[in-house]
Each structure stands twice: as C-alpha cells, then as structure tokens.
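Take a look at the structure below.
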Amino acid sequence: ALAFLARPRGARVPLKGRHVFITGGSSGIGLAMATAAAREGARVSILARNLARLEEARAAIQRDWGRSDVGVHAADVRDAEAVARALEEAGPVDVLVCNHGVFVPQELERQDVEEIKWMVDINLMGTFHLIKAALPAMKARTRETRLPGSIAIMSSQAGQVGIYGYTAYSASKFALRGLGEALQHEVITDNIHVSLIFPPDTETPGLEEEHKRRPELTNIIAGSSGGMKANDVAKKALDGIKSGRFIVPCNFEGAMLAVATAGLSPQSSPVMAFLEVIGAGLMRFAALCFQWNWFSTIEGYYAKNKKRE
Ligand SMILES: NC(=O)C1=CN([C@@H]2O[C@H](COP(=O)(O)OP(=O)(O)OC[C@H]3O[C@@H](n4cnc5c(N)ncnc54)[C@H](OP(=O)(O)O)[C@@H]3O)[C@@H](O)[C@H]2O)C=CC1
Ligand SMILES: CCCCCCCCCCCCCCCC(=O)[C@@H](N)CO
C-alpha cells in the first residue's frame, strides 16, 4: 500500500553533463559539493560574496578534477538583482543548490535584532531570491531535456529541532522547510524535485568561527548528534539530490530525526514511508528521552552557575 501511496514518485536526477549551481560554493560544505559534482562530470557554477575565495575554490576544483569550466559569481544573496544577474550570466541551471548560510548562536536576550535580521535575510530571503531567479529557465530546461531538475536547500538539524542558543538560526532554517514543502507542490508538474538537507555539526571554516561564540549549553546539546566532515555531508547531499529525496538526513541521529519529524512532508521512498509509519510512536518516545536529558542539562547548568555567582 505504501509503495502506491508514497509521493511524489522517486526520480533519478543525473549530474553528468548537467549544470549544477551552488551558492556558498567557496567554502565548507558548498565547496565539497562543488568538488564532488565536478568529479561526477557536472558543469559547476559557484556563487558567494568574496571573489578572492571564489577564485581559490575554482583553482582547487580545476587542480583536482581538471575541469576548466567552473563559473564563479560574486554576489550577495540578499541582493535580488545581483542574484538575478549572476543566474543570467551562468545560463540555465539543472540542479540549484541553495547552500549559502550564516550562523551566530546566542541566547535571544543577548542577540541584537540586527544580527537576527542578518541571519534571516541571508538564510531565508537569500534562498527566495535564488529560487525566483533560477526557476523560469529551470522549467524550460526540464521541458527541453526531458530530464528531472532539482532544487536543493541546505537546512540543518537545527531546522528540525529548536535547541538552546539557536532561536534566530533555527527560525531561519525551519522556515526553509515550509518553503520547500510548498515549493514541491508547485514545481512537481515541471519535473523538478526539491531536496532539503539536514546536516549535524560539520567541520568547516564556518563552524570554526561559530565555536568562538557558541554558548556552552549549545555545544553540549548540539553534541547529541555526531559531527561530520564536509566531504561526507556533501556525498549524502548529492546522493539525496540524485535520487530525488525530499528529506535528506546525513548521519544516524539525522535518520532518527527524519522519522521523528516526518510530519506531512513528501516521501518518495516506500521503504522510508514504512519506517515512518512503524517508527512514529517509538521515535516520539526517543524524542521525549532526548528532551528530558536536554532540560536536565539546562536546569543543572543554571543551578550550578547561580551558586557560583
Ligand atoms: N558547518 C555546520 O556545522 C553546518 C552547516 N549547515 C549549513 O550548511 C551551509 C554551509 O555551511 P558551512 O559550509 O559550514 O559554511 P561556511 O561558513 O564554511 O561557508 C559559507 C558559504 O556561504 C557563503 N555566503 C555567506 N553569506 C553569503 C551571502 N550573503 N551571499 C552569498 N554567499 C554567502 C560564503 O562565502 P562569502 O562569505 O564569500 O559570501 C561561503 O562560501 C549553511 O547554510 C549552514 O547553515 C548546516 C548544518 C551544520
Ligand atoms: C528522536 C531522536 C532524535 C535524536 C537526535 C537529536 C539530535 C539533535 C541535535 C541537534 C544538533 C543541531 C546542530 C546544528 C548544527 C548547525 O547547523 C550549526 N553548526 C550551524 O551551522
């Protein structure tokens, strides 16, 4: 029954010979995805603000994979016109990867409104700008080539569960899920598959920066999910994109989170649909255990710090 029910139907999204456009492609997960896509024979374009870092990334991809056709586009995703210009320059896209993102964890009370707005503008509004700019040509492309296209959006496990220190970041990353679910309805008849990627802490230049300011409690709770290397996240992400998966978890805890938060998300895999139906109660129980542990940690931490004052 679930094999019949699971929707949208699964798809094979090939990368070889296709145009893969990756934002935040000059660093961390984005650079790892750009490198892996080039290795699979895709024509890759990368977008970020800093041109020098983009050029370095292009040189690294060319050195490793001998591709001389990596396109670089310096633009800020907050600037809708600059994003539209970059996509115009790059030409029609087959696979759009909205991976750019910024994260500064902080308790809401201590975080400035400017910093909150900055995260929401880049992580959420930037993704809107990209998809709106890329979509018309993407639709024409899937019609022309009769091959499925893909829009991949980089969320985070902090986009599946809200944890201490991530009010602004989680809000921006949860929002991407709403965007993605609604968008999948709108583009399915154009043969475009939406993928939402949910990595745990991943070793990147961005994470190194984040650690300079991350509250101790955020460190502890985020540690509930094992850290990963950028190359491994990139591989999971590309595998998810290639098989047209909507929810793409990256590690074991991520697979549990995916089942626990399945909600009303699209599901093309009958096997995953089966696990979701069977696992719902069990994973809710596991989630309550995790929450029990997190609240105990927070209460213990505050009790200890009060004593010290
Ligand atoms: N590392 C982690 O622990 C995790 C990361 N993620 C998500 O994965 C994505 C990538 O993270 P990671 O690789 O760590 O990040 P990095 O900080 O290493 O790289 C971020 C990339 O995004 C680009 N970028 C940032 N702001 C803008 C902007 N306004 N316009 C255009 N490009 C921009 C950066 O280039 P430039 O500064 O030149 O613009 C850079 O290329 C993010 O969306 C992040 O939220 C999710 C879960 C865990
Ligand atoms: C039912 C069972 C549930 C099991 C596991 C729950 C684990 C949740 C851990 C949440 C970790 C959030 C890390 C965010 C990383 C990130 O995005 C930052 N590095 C900034 O980018």
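Can you say whether GLN160 is of a type outside the set (D, E, K, R), within 14 Å of ligand 1 (Cβ to nearest atom) and at pLDDT 95 or above, as far as the supplied structure shows?
Details: of a type outside the set (D, E, K, R): yes; within 14 Å of ligand 1 (Cβ to nearest atom): yes; at pLDDT 95 or above: yes.
Considered against the rule, which asks whether it is of a type outside the set (D, E, K, R), within 14 Å of ligand 1 (Cβ to nearest atom) and at pLDDT 95 or above, GLN160 comes out as yes.
Out of LEU31, LEU54, LEU96, I need the residue that is within 16 Å of ligand 2 (Cβ to nearest atom) and in contact with a Ser or Thr (Cβ under 9 Å, 6 or more places away or on another chain). Which one? Walk me through it before giving the result.
Working: LEU54 fails: within 16 Å of ligand 2 (Cβ to nearest atom); LEU96 fails: within 16 Å of ligand 2 (Cβ to nearest atom).
Only one candidate passes the filter, namely LEU31.
How many residues are more than 16 Å from ligand 2 (Cβ to nearest atom) and of a type in the set (Lys, Arg) if we restrict to the range 141-187?
Summing the residues that are more than 16 Å from ligand 2 (Cβ to nearest atom) and of a type in the set (Lys, Arg) in the range 141-187 gives 3.
Residues that are under 30 Å from GLU299 (Cβ atoms), within 13 Å of the chain's Cα centre (by Cα) and within 13 Å of ligand 2 (Cβ to nearest atom): does the range 208-218 have at least one?
no
Of the residues PHE295, PHE290, PHE274, which single one is in a helix (DSSP H, G or I) and either of a type in the set (S, T, N, Q) or farther than 26 Å from TYR164 by Cα (or both)? Steps first, answer last, please.
Working: PHE295 fails: either of a type in the set (S, T, N, Q) or farther than 26 Å from TYR164 by Cα (or both); PHE290 fails: either of a type in the set (S, T, N, Q) or farther than 26 Å from TYR164 by Cα (or both).
Result: PHE274 is the single residue among PHE295, PHE290, PHE274 that is in a helix (DSSP H, G or I) and either of a type in the set (S, T, N, Q) or farther than 26 Å from TYR164 by Cα (or both).
Kindly indicate the residue of the range 188-204 that is within 15 Å of the chain's Cα centre (by Cα) and away from ligand 2 (no atom under 16 Å from the Cβ) and also nearest to THR261 (Cα to Cα) among those meeting that condition.
SER195
Tell me, yes or no, whether the range 58-72 has at least one residue that is in contact with a helix residue (DSSP H, G or I) (Cβ under 7 Å, 6 or more places away or on another chain), closer than 30 Å to ALA171 by Cβ and crowded, with 19+ Cβ neighbours inside 10 Å.
no
Need a quick list: helices (runs of 4 or more DSSP H) entirely within the range 109-220 having at least 1 residues that are farther than 25 Å from PHE252 by Cα and in contact with a strand residue (DSSP E or B) (Cβ under 7 Å, 6 or more places away or on another chain). Reasoning before the result, please.
Working: elements: 113-120, 126-145, 167-187, 205-211.
It comes to 126-145, 167-187.
Just to be sure before I move on: is LYS306 modelled with pLDDT of 95 or more and away from ligand 2 (no atom under 12 Å from the Cβ) in the structure I sent?
Working: modelled with pLDDT of 95 or more: no; away from ligand 2 (no atom under 12 Å from the Cβ): yes.
When the stated conditions are applied, LYS306 does not pass them.
I'd like to verify a number: residues in the range 95-119 that are buried (at least 17 other Cβ atoms within 10 Å of the Cβ) and either under 30 Å from VAL13 (Cβ atoms) or of a type in the set (Phe, Trp, Tyr) (or both), how many? So that I can check it myself, show each step before the final result.
Restricting attention to the range 95-119, the residues satisfying the condition of being buried (at least 17 other Cβ atoms within 10 Å of the Cβ) are 95-106, 111, 116, 119.
Then keep just the ones that are either under 30 Å from VAL13 (Cβ atoms) or of a type in the set (Phe, Trp, Tyr) (or both); that gives 95-103, 119.
Residues meeting the conditions: 10.
Condition check: within 19 Å of LEU176 (Cα to Cα), of a type in the set (Phe, Trp, Tyr) and in contact (Cβ under 8 Å) with a residue 24 or more places away in the chain. Does PHE246 satisfy that? Break it down stepwise before answering.
Values: within 19 Å of LEU176 (Cα to Cα): yes; of a type in the set (Phe, Trp, Tyr): yes; in contact (Cβ under 8 Å) with a residue 24 or more places away in the chain: yes.
When the stated conditions are applied, PHE246 passes them.
Residue by residue, here is whether (1) more than 15 Å from ALA86 (Cβ to Cβ); (2) out of contact with any strand residue (DSSP E or B) (no Cβ under 9 Å at 6 or more places or on another chain) holds:
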| residue | (1), (2) |
| --- | --- |
| VAL13 | yes, no |
| GLY17 | yes, no |
| LEU51 | no, no |
| ALA59 | yes, yes |
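Here are some residues: GLY41, GLY30, GLY17. Which one is more than 27 Å from VAL271 (Cα to Cα), exposed (fewer than 13 other Cβ atoms within 10 Å of the Cβ) and touching a Gly at 6+ places or on another chain (Cβ under 8 Å)? So that I can check it myself, show each step before the final result.
Values: GLY41 fails: exposed (fewer than 13 other Cβ atoms within 10 Å of the Cβ); GLY30 fails: exposed (fewer than 13 other Cβ atoms within 10 Å of the Cβ).
Step by step, each of GLY41, GLY30, GLY17 is checked, and only GLY17 is more than 27 Å from VAL271 (Cα to Cα), exposed (fewer than 13 other Cβ atoms within 10 Å of the Cβ) and touching a Gly at 6+ places or on another chain (Cβ under 8 Å).
Considering only residues that are farther than 29 Å from ILE131 by Cβ and of a type in the set (S, T, N, Q), look in the range 184-243 and name the one that is surrounded by the most Cβ atoms within 10 Å (Cβ to Cβ).
Once the filter is applied, the top-ranked residue is THR218.
ALA75: surrounded by 17 or more Cβ atoms within 10 Å (Cβ to Cβ) and within 28 Å of GLU203 (Cβ to Cβ), yes or no?
yes
Any chance the range 219-235 includes a residue that's closer than 30 Å to ARG143 by Cα, without any contact (Cβ under 8 Å) to a residue 60 or more places away in the chain and not aromatic (Phe, Trp, Tyr)? Break it down stepwise before answering.
As a first pass, look at the range 219-235 and keep what is closer than 30 Å to ARG143 by Cα: 234-235.
Add one more test, that the residue is without any contact (Cβ under 8 Å) to a residue 60 or more places away in the chain, and what stays is none.
Scanning the range 219-235 turns up no residue that is closer than 30 Å to ARG143 by Cα, without any contact (Cβ under 8 Å) to a residue 60 or more places away in the chain and not aromatic (Phe, Trp, Tyr).
If you go through the range 53-105 one residue at a time, how many are part of a loop (DSSP other than H, G, I, E, B) and within 21 Å of the chain's Cα centre (by Cα)? Before you say what the answer is, go through the steps one by one.
So the first thing to find is which residues in the range 53-105 are part of a loop (DSSP other than H, G, I, E, B), and the list is 66-70, 75-79, 91-94, 99-105.
If we keep only those that are within 21 Å of the chain's Cα centre (by Cα) as well, we get 75-79, 93-94, 99-105.
Number satisfying all stated conditions: 14.
The values are calculated or read from the model by the stated rules, or taken from the named source; none is laboratory data. Only a predicted model underlies this, so the values are computations on that prediction, with no experimental measurement involved. A quick note on method: Cβ atoms are made from the backbone with ideal geometry, for glycine too, and the neighbour counts reach across all protein chains shown.
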